[in-house]
Amino acid sequence: MLSFDWSMDALPLIRSLTDLRTIQTVIFYLGLILLVWFGLWTSLTSRTKDTNGKSHHYINGRNGNSNGYSYQCNDHEHLSSSHTEINDISAQNGTNSHYGSRTSLPTTENVVAFSLGLLAFPFLPATNLFFYVGFVIAERVLYIPSMGFCLLVAVGLRSLYVRVQRRSSRRVLLFCSGALVILFGMKTVLRNQDWQNEEMLYKSGIYVNPAKAWGNLGNVLKSQGKMDEAEQAYRNALYFRSNMADMLYNLGLLLQESNKFSEALHYYKLAIGSRPTLACKYNSSLFIDNLQASWLWLCCVQATVNKGCGYVKGK
C-alpha cells in the first residue's frame, strides 16, 4: 500500500523484540549480506581463477616453441587467419561481418553488486544515520533504490531460468514473470490516477494516514468552497488525532467564517491548549470580539515565558 505521507504513526514503531517485524528485519539483512557475499566474493574468486588458470602462452604470435620451427599450421588456424583477413577487409570497406567480436555481457556477480549499490547507496542519506532528515519513511526516497531492487529480481529470475532444465518449469517461470510485470504495471496505472489532483491524492491516503489525509482534504474542500464537506473532513481528522493544533485552528477559522462564533472560540481555545505558542502566530486573525483579542494577547505573553495560557483542555 502506498501513501503520500507516513507521519503521525501511520507506520507503527517497533517497541518490542517480540514484534514480528523484528524477525522480518533480521531475515532481510541476512539476505542482503548473502547477496553482498555472492556479488563481491564470488566475483573476486572467479577473477583469481581466470588469472591463474591460463594454460596457453603465445610467443611471437605462435603457439609453440620460441624458435618457431616446431609450429605446424592446421586447417583450423588457416581458417582463423582467413576470417581475420576477411574482417580486416570488411573493416576497411566500412562493412560489418558476422565474424566480428561481440561485446561481452557483465557477469551475474557484477550485476548483483551493481544492483546492491543502486539499492543501498542512494537510500543512505535518508536513513537518519548521518544527519536528521525530518521523517522516518517516504516513498520519494525509494525511486532510485527501487531500480536496484528490480534489477535484483530480474537477475534472480534469469538465474533460475538457466538452472531449470524442464521445459514445463521454464514455461511456469515465464508465466509468473509475465504475470508479475502485468500486475505491477496495473498498480502503477492505478496509482498514477491518484496523482491527477490533490483531492484524489488525499483521498487515497485516508486508509494509511487518516488524520493527515482528512486534514489536507479539508483544506482542499475549503478552497473549493465546499464548507460543509470541509468541516466534516476537519472533524474526521480530529477524531483520529484530537491534539492537532493546526487542525483545531483550521476548524475554528472555518466555523468563524460560517458565523458560528461560540463554537469557533471553543476550538481556538483547544488549539492554544494543545500548543500555547499558536496564539502568537495567529492572534491577528482571531479577533472575534475585544474580550477574545485581550485573552489571546495574554496567552501570547504567557507562552513567551513558558507559562501557558491558563486554559485547561475540556473546560
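Here are the numbers:
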item: Surface share of carbon and sulfur [accessible, 1.4 angstrom probe, percent] for the stretch 124-231; result: 66
item: Gap separating the Cα centres of the stretch 129-208 and the stretch 14-28, nearest whole Å; result: 23
item: Sorted peptide list for 107-115, 221-229, criterion being average Cβ within 10 angstrom, highest first; result: 107-115, 221-229
item: Protection proxy ranking of 125-134, 232-241 - average other beta-carbon atoms within 10 Å, highest first; result: 232-241, 125-134
item: In nm, spacing of pseudo-spin labels at Gln232 and Leu174 (7 Å Cα→C-beta vector); result: 5.3
item: The stretch 122-263: projected area of the alpha-carbon convex hull, averaged over directions, in nm²; result: 12.5
item: Kirkwood-based Rg to Rh ratio, the stretch 196-243, C-alpha trace; result: 0.95
item: Ordering of 197-209, 138-150, 244-256 by burial proxy (mean other Cβ atoms within 10 Å per residue, highest first); result: 244-256, 197-209, 138-150
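The values are calculated or read from the model by the stated rules, or taken from the named source; none is laboratory data. Remember, predicted model here, so these are calculated numbers, not experimental data. Virtual Cβ from ideal backbone geometry, glycine too; neighbours counted across all protein chains shown. Please note that ligands, DNA and RNA were not included when accessible areas were found on the heavy atoms of the full protein model with its side chains. Shrake-Rupley method; radii C 1.70, N 1.55, O 1.52, S 1.80 Å.
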